[in-house]
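Chemist: Can you keep this structure in mind? I'll have questions shortly.
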Amino acid sequence: MYVLVINAGSSSLKYQLLDKDTQRLVGKGLCEKVGSEDSFHRHGLDGDERLDTLPLKDHHDAVQAALRALLDPQGGAVKGIEEIAAVGHRVVHGGEHFSASSVIDDEVVARIRECIPLAPLHNPPALTGIEACADLMPHALQVAVFDTAFHQTLPPKAYLYPLPYELYERHRVRTYGFHGTSHRYVAQRAAALLGRPLDELRLITCHLGNGCSVTAVRNGVSVDTSMGFTPLEGLMMGTRCGSIDPAVVTYLIGSLGMGAGQVDDLMNRRSGLLGVSGVSNDLRDVQAAADAGDERAQLACEMYADSVRRHIGQYVFELAGVDAVVLTAGVGENSDRIRQMIFSGLEPLGFLLDGERNRLRGFERVISSEGSPVRILVVPTNEELMIAQDVASLLDA
Ligand code: AMP
């Protein structure tokens, strides 16, 4: 039996097929430019990838293309569609309705629809993916796995903004937090790596990619997180500014005459590493420019690392100490330089990075020195695996 994991974006659909019991990856693919003339489908496992250029007018077509590849008698991963017992859908926003992954029924669909105003770019394609899979695989259990669910344990003092309380009561303006599936996965892996029960640990998990967030995890539970009402709050990111004085927004609108849409575009797509460096949102490009003497690029890298450091510092206080800091996602997993910048000078506070271990790449490991009071770990994230595990336990239940 297999579990299909679907991540539907506005014009893309990523999928992975995993064995339900062993969690082994048996197939994967990506449909891009769905809805446009030049759509394509890349599929197959590493080293055996194929590219089909074909018209995919919507997500229904994309799911059909995925199933064709997975069921292909020449080299497909499964023999019959009924072997796919369940589908796990990544859904960005579950609002306050979902604190765990849920089997999809009409009520769950209605709740995901209710959250569209909170995630206008993400929840609609997720719903389209759910509809397409329900139509093409009526026998399979459909499960929604929410980015926000892990953070539903935040206490009110952490999730409320100090705004008039009615804004929360009437409009649900509050911190939701995102990247929850990734934070949950790396927290679990960290406990396994440390050989200690998750429910006895104080962890700070740092998802550092193009989008960035940090979470304080006490006894396996998210107690604070840096992203808020939207994924704009918190850390400086690839193109997002993270937290700034909100009065900058009123100044841009009131004094510089910008519209709300322009401010949204400026803060979400033209800020962060890209905005400060003027070079790129990709850390590798910004670092290369810094190495070539570009001062703004150097400044952008320093601001990025400092932003992570400040958030870690905040959560050390909130947790009254920390057992381990876990780094994941594109930058967290790959950039030894940023990791070095984050922890540099923090030795008196118990963060002893091991230079040699820090330079290694590509697998779960401890990168702090023997005897470091706080352990520092790198854990490659695997949201698809976490989704498949949730789906497998719901299937078993
Ligand atoms: P993600 O959103 O998790 O895919 O992460 C994307 C970010 O990871 C981009 O800013 C990349 O520059 C960064 N990244 C990926 N590989 C490396 C690397 N080897 N060194 C530095 N940054 C990297």
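Chemist: If the range 144-191 were replaced by its equivalent ellipsoid, with semi-axes equal to the square roots of 5 times the Cα gyration tensor eigenvalues, what would those be, largest first, whole Å?
Modeler: Working: eigenvalues 136, 26, 8 Å².
After diagonalising the Cα gyration tensor, the semi-axes are 26, 11, 6 Å.
Chemist: Next up: Helix 180-194: angle to the longest alpha-carbon principal axis of the chain, degrees 0 to 90, nearest 10?
Modeler: 70
Chemist: On to the next question. Provide the per-residue ³J(HN,Hα) series for the range 255-270, in order, calculated from phi with Karplus coefficients 6.51, -1.76, 1.60 and θ = phi - 60°, each as a whole number of Hz, with x at glycine and proline positions.
Modeler: 9, 9, x, 7, x, 4, x, 5, 5, 4, 5, 4, 7, 8, 10, 10
Chemist: Where Lys and Arg each count +1 and Asp and Glu each count -1, what net charge lies around V173 among other residues with Cβ under 13 Å from its Cβ?
Modeler: Working: positive: R170, R172, R174; negative: E96, E166, E169, E233.
Once positives and negatives cancel, what remains is -1.
Chemist: Rounded to two decimals, what is Rg over Rh for the range 55-120 when you use alpha-carbon atoms and the Kirkwood radius?
Modeler: On the way: Rg = 15.5 Å, Rh = 14.4 Å.
Radius of gyration over Kirkwood radius for the range 55-120 works out to 1.08.
Chemist: While we're looking at this one, here's another question. Loop only per DSSP, at most 15 neighbouring Cβ atoms within 10 Å: give me the chymotrypsin sites (Phe, Trp or Tyr not before Pro) in the range 293-350, ordered by residue number. Each step should come with its number before you reach the end.
Modeler: Numbers: sites: Y304, Y315, F317, F343; in loops: none.
The qualifying sites: there are none.
Chemist: What GluC sites (Glu not before Pro) in the range 1-105 are in a loop by DSSP, with at most 16 other Cβ atoms within 10 Å of the Cβ?
Modeler: Qualifying residues, ordered by number: E37, E49, E96.
Chemist: A further question on this structure: What is the angle, in °, between the Cα long axis of helix 295-318 and the longest principal axis of the Cα atoms in the chain? Nearest 10 is fine, range 0 to 90.
Modeler: Around 90 degrees separate the two axes.
Chemist: Still on this model: Rg(Cα) of the range 204-347 divided by 2.2 N^0.38 Å? If you can, show how the numbers build up before the last one.
Modeler: On the way: Rg = 15.7 Å, N = 144, 2.2 N^0.38 = 14.5 Å.
Relative to the rule-of-thumb radius for its length, the range 204-347 sits at 1.08.
Chemist: Could I ask something else about it? Specify the angular offset, from 0 to 90 degrees and rounded to the nearest 10, of the alpha carbon long axis of helix 383-396 from the longest principal axis of the alpha carbons in the chain.
Modeler: Between helix and principal axis, roughly 50 degrees.
Chemist: Also: So what's the back-of-envelope 222 nm ellipticity for the chain, counting only DSSP H runs of four-plus at -39500 (n - 2.57) apiece and dividing by all residues, rounded to 500?
Modeler: Rounded to the nearest 500, the figure is -11500 deg cm²/dmol.
Chemist: With only alpha-carbon atoms in the gyration tensor, what are the semi-axes of the equivalent ellipsoid for the chain, in Å, largest first? Let's see the in-between values first.
Modeler: On the way: eigenvalues 224, 132, 106 Å².
They are 33, 26, 23 Å, listed largest first.
Chemist: Using modelled backbone amide H atoms (1.01 Å from N, in-plane), which distant-in-sequence or interchain residues come within less than 5 Å of S12's amide H?
Modeler: V34
Chemist: Run through the range 355-392 and list the GluC sites (Glu not before Pro) located in a DSSP loop whose Cβ has at most 15 other Cβ atoms within 10 Å. Present the calculation step by step, with values, prior to reporting the outcome.
Modeler: On the way: sites: E356, E364, E370, E383, E384; in loops: E364, E370.
Hits after loop and neighbour filter: E370.
Chemist: Note down the net charge around P55, summing +1 for each Lys or Arg and -1 for each Asp or Glu among other residues with Cβ under 12 Å from its Cβ.
Modeler: Details: positive: K33, K57; negative: E37, D38, D52, D58, D61.
For residues surrounding P55, the net value is -3.
Chemist: Looking at the range 303-355 from every direction and averaging, what is the projected area of its Cα convex hull in nm²? Walk me through the numbers before you get to the answer.
Modeler: On the way: hull surface 15.0 nm².
Result: a mean projected hull area of 3.8 nm².
Each value in this text was obtained by applying a stated rule to the coordinates, not by laboratory testing. This one's a predicted model, so the numbers in the text were calculated from it and none came from an experiment. Every residue, glycine among them, receives a Cβ derived from its backbone with ideal geometry; neighbour counts consider all protein chains shown.
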